[in-house]
Amino acid sequence: MATLEIRTSEDDILRKPCRPVAKVDERIRTILDDMADTMRRTPNCGGLAGNQVGILRRLVVIDLNGKLYQLVNPEVVFQEGEQDGPEGCMSFPGIFGMVKRPERVRVTALDRDGREIQVEGEGMLARCLCHEIDHLNGIVFVDKMSRRVE
Ligand code: NI
C-alpha cells in the first residue's frame, strides 16, 4: 500500500468534479486501499475523496467509529432533517467552521467488489457522507461554512 499526497486548498483539483468509475477492478481496489492507508496515517482524518489525493474518480473512503467505508460512485438518494455543526477538512488544515447538513441520508454506491450497496447515515456519518460527496462534485466545506470556529 502507498501513502498518497493530500492536496490542499490552493490546488485547483479540489474544484474539479470527479468522473464516475465504469468498472470496479483491481486498479480501483488498489486506489481505495491506498486512500484508506493515507487516511489512517493522517492524524484526525475521517475521510478522503478521490480528487483530494489527485485522482479524479468518484471514490470515497470514510473511517468512523472503527468502521471503514470504501465507496465507488456514491450518490445521495434521500435526505431528511438538518444538523448544524463544526466541520474541518484535511485539504484546509487549521480551518474549522459551522456547516449545515442533513441529519439523515441514504447513499447508494458500489462496494470494493462492484456490488450495489446502500449506506444509511445519521448524525456524524450523514455529515461525513455529504462532505465527501461534495468533494466529488468540486465543492469544499468552506463554500458552505456559515462562520469559522476555533
Ligand atoms: Ni474534506
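Nothing in this text is a laboratory measurement; each read-out follows from the coordinates by a stated rule. Computed from a predicted model, the values in this text were never measured in an experiment. Please note: Cβ atoms are built from the backbone with ideal geometry, for glycine as well, and neighbour counts cover all protein chains shown.
Any idea which of Asn65, Met98, Thr108 is furthest toward the positive side of the dipole for the chain, if Lys and Arg beta-carbons carry +1 and Asp and Glu beta-carbons -1?
With unit charges placed on the Cβ atoms, the residue in question is Thr108.
Using a 10 angstrom cutoff on alpha carbons, build the Gaussian network for the chain and name the most mobile of Ala126, Ala22, Ala49.
Maximum among the listed residues: Ala22.
Compute, for the range 59-104, the length of the dipole vector about the Cα centre, with Cβ point charges of +1 (Lys, Arg) and -1 (Asp, Glu) only. Units Debye, rounded to 20. Walk me through the numbers before you get to the answer.
On the way: 4 positive and 7 negative charges, 23 e Å.
Here the range 59-104 has a charge dipole of around 120 debye.
Fewest Cβ neighbours within 10 Å first, please rank Arg41, Arg112, Arg58, Arg147 accordingly.
Listed from fewest to most nearby Cβ atoms, that is Arg147, Arg41, Arg112, Arg58.
Using modelled amide H (1.01 Å from N, peptide plane; none on Pro or chain starts), what sits under 5 Å from the amide H of Val149, excluding residues fewer than 5 places away?
Phe96, Gly97, Met98
Residues with amide H under 5 Å of Gly47's amide H, sequence separation 5 or more or different chain, H placed in the peptide plane at 1.01 Å from N; which?
Asp63
Tell me the net charge near Leu129. Cut-off is 14 Å between Cβ atoms, Leu129 excluded, with +1 for each Lys or Arg and -1 for each Asp or Glu.
Net charge in that neighbourhood comes out at -3.
Give, as a single signed number, the net charge of other residues whose beta carbon lies under 12 Å from the beta carbon of Leu64, with Lys and Arg counted +1 and Asp and Glu -1.
Neighbour charge sum, excluding Leu64 itself: -1.
Can you tell me the dipole magnitude for the range 27-92 around its Cα centre, using point charges on the Cβ only (Lys, Arg +1; Asp, Glu -1), in Debye to the nearest 20? Display every interim value, and only then the final one.
Numbers: 7 positive and 9 negative charges, 95 e Å.
Once rounded to the nearest 20, the dipole reads 460 debye.
Enumerate the aspartates and glutamates that Lys100 could reach by cross-link, defined here as Cα to Cα under 16 Å, with residues fewer than 8 away along the same chain left out.
Glu80, Glu82, Asp84, Glu87, Glu122, Glu132, Asp134, Asp143
Work through the residues other than Pro20 whose Cβ is under 12 Å from its Cβ and net out their charges, Lys, Arg +1 and Asp, Glu -1.
Here the charged neighbours net out to +3.
Inverting the mean 1/r over all pairs of different Cα atoms, compute the Kirkwood radius of the chain and quote it in Å.
For the chain, inverting the mean 1/r across all distinct Cα pairs yields 15.2 Å.
If the chain between Asp12 and Glu120 were fully stretched, how many nm would it gain, using 0.36 nm times the residue separation less the Cα-Cα distance?
Full-extension gain reported as 35.8 nm.
How big is the charge dipole of the chain about its Cα centre, in debye rounded to the nearest 20, if each Lys and Arg gets +1 on its Cβ and each Asp and Glu gets -1 on its Cβ?
180
Please order Asp134, Asp113 by the number of other Cβ within 10 Å, starting at the fewest. Display every interim value, and only then the final one.
On the way: Asp134 19, Asp113 9.
The order, fewest Cβ neighbours first, is Asp113, Asp134.
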